[in-house]
Structure formats: structure tokens, C-alpha cells
Amino acid sequence: MPKNLAVNRIMGRGAFIVFEGLDRAGKSTQVSMLTDALRARGVAVQKQSFPDRSTAIGKLIDDYLTKKVELSPEAAHLLFSANRWECKDRLIKSLEEGTTLVVDRYAASGAAYAAANSGQTLEWCSQPDRGLPAPDLVVFLRVAEEEQQKRANWGEERFERVETQRKIGKNFDRLADSRTWFGLDAQRDKAAIHAEILERVLRAIQECADQSVKALAHFDSD
């Protein structure tokens, strides 16, 4: 899209764009590339990562993920959800002011990882996030486990184990909503992946400009 057709010139709210996927799928790289590309087109944009490790709750989560403290899986999951809730008002305010948010991990990661680690159902794990702002588009990056293990820093954090990642992947497949999820093979050329994402995101920004921010509903396996 030419820069003189920048989508932020459409009056309305910003889009809530979320990147999901297994560990080492390249989410952070694509988040940064997308943010830079949108900003270059004059789009008001901010990036955000969850967990937000800068908050009081986020610092405890960081200690848990880096194996400095131990928590029950259920307690850890509720902390992850609380971390999203403490950012809720700021997220909504930014969207309503016309800023597009590009977010690295959100509620789907919370439910997928917690269900794999705790043995609780996806229904149970999705319940704490019910009512949070819902993404307008979820970009889901798929990566094979052989490729995951080749990438830098694999295995440093708590959930970076092959069997755990397999369970998480199955949970993501169950959570995927065809109305808002956009899946991509993350093992291709980074620039090619970015080009596809950018095209889809620009369309999402246009489509949601005159819509209100929706709320996450409870996951229903039926």
C-alpha cells in the first residue's frame, strides 16, 4: 500500500493485533517488523508483550519463568491472567484513541500453556480472561519442533520442552477461531512472512475502524 494511503487516516479506533505461537516461532521478530512498517506508513502504533515483566506481577512471573521460584501451575496461570487484567484499561484507552496495538502473546497463550502444564481443561484455563479486550486479528506462527530446537536460547525457560510444546500446539489448534485467526508457516523467509502479515493487518485496521472494542468470551469446546 502506498504511503499516501496510510490506513491511520481513517477516523476510528486502532486495531488489536495479537501474535501467538509456540516458543521460538519468531513472534518477537515479526512484531518488531510489523510495528516498524506500520509506523513508516504513518499509523499510530504501539507494541506490547505479555507477560508484561515490568509490573509488580510481571516481575514475579519472570522469576517463575526463569525458574527462580516455584508456583503451582494453577497459581501461575492466575498470575498470568492478572498481568493481562492490570493492563486492560490502558489497552482499551489506546485502541479507542486510534492507536493500533501489536501484541506478542495474549490470552490464547495463557490458556494453551496452562492447560498443557496443569492438566486443567481449556475451558477452565480460559475462564479468568473472560471480559478482557478481544483481538481483532490473531497472527498464529507455526514452527516444527526440529526448527524450534535450532533457534537461539532454546530450553532456557520453563516451558521449552518438546513434550510440553506438543501439548501446547494441540491446545492452540483447539483455540483457533477461523473468524479472527490467520495462520502462517514461520519457517519461511522472514521478509515473505512479514509481507503477508502486513497485508492482512492493513486490512484488519480498515475493517475495525468503526467497530467498538469487543470482549473475550469463554472458550467452549462444543
Review point. List, please: which pairs have Cβ atoms under 8 Å, are six or more places apart or on different chains, and start with a residue in the stretch 111-126 that is over 16 Å from Q165 (Cβ atoms) and open to solvent by 30 Å² or more (accessible area, probe 1.4 Å) and end with one that is assigned to a helix (DSSP H, G or I) and aliphatic (A, V, I, L, M)?
Key: Q120/A114; T121/A115; W124/A115
Exercise for review: State yes or no: is K68 open to solvent by 10 Å² or more (accessible area, probe 1.4 Å) and assigned to a loop (DSSP other than H, G, I, E, B)?
Suggested key: yes
**Study point:** Matching residues, the stretch 128-166, being crowded, with 16+ Cβ neighbours inside 10 Å and modelled with pLDDT of 90 or more
**Key:** P128, D129, L132, P133, A134, P135, D136, L137, V138, V139, F140, L141
Review point. Is it true that some residue in the stretch 14-30 is over 14 Å from the mean Cα position of the chain (by Cα) and either surrounded by 14 or more Cβ atoms within 10 Å (Cβ to Cβ) or modelled with pLDDT under 95 (or both)?
Key: yes
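Among the residues of the stretch 88-110, count how many are more than 19 Å from E20 (Cα to Cα), open to solvent by 10 Å² or more (accessible area, probe 1.4 Å) and touching a residue at least 12 places away in the same chain (Cβ under 8 Å). Steps first, answer last, please.
Here is the first cut: in the stretch 88-110, the residues more than 19 Å from E20 (Cα to Cα) are 89-90, 92-99.
Now drop any that are not open to solvent by 10 Å² or more (accessible area, probe 1.4 Å), which leaves 89-90, 92-94, 96-99.
Remaining after also requiring touching a residue at least 12 places away in the same chain (Cβ under 8 Å): 92, 94, 96-99.
Final tally of qualifying residues: 6.
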Study note, to complete from the structure: Within the stretch 42-65, residues assigned to a loop (DSSP other than H, G, I, E, B), open to solvent by less than 50 Å² (accessible area, probe 1.4 Å) and of a type outside the set (F, W, Y) come out as G42, V43, A44, P51, D52, T55
Review point. Residue check, Y64 against (1) in contact with a strand residue (DSSP E or B) (Cβ under 8 Å, 6 or more places away or on another chain); (2) closer than 27 Å to R142 by Cβ; (3) not polar (S, T, N, Q), all met but one. Which one?
Key: (1)
Practice item. Sort out which residues of the stretch 168-222 are assigned to a helix (DSSP H, G or I), open to solvent by less than 40 Å² (accessible area, probe 1.4 Å) and either touching a helix residue (DSSP H, G or I) at 6+ places or on another chain (Cβ under 7 Å) or of a type in the set (S, T, Y) (or both), and write them in order of number. Key: I168, N171, F172, L175, I193, H194, I197, L198, V201, L202, I205
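The values are calculated or read from the model by the stated rules, or taken from the named source; none is laboratory data. Values in this document were obtained by computation on a predicted structure and should not be read as measured data. When we count neighbours, we look across all protein chains shown, and the Cβ atoms used for this are built from the backbone with ideal geometry, even at glycine. For the accessible areas, the whole protein counts, side chains as well, though only heavy atoms, and no ligand, DNA or RNA atoms are used. Shrake-Rupley method; radii C 1.70, N 1.55, O 1.52, S 1.80 Å.
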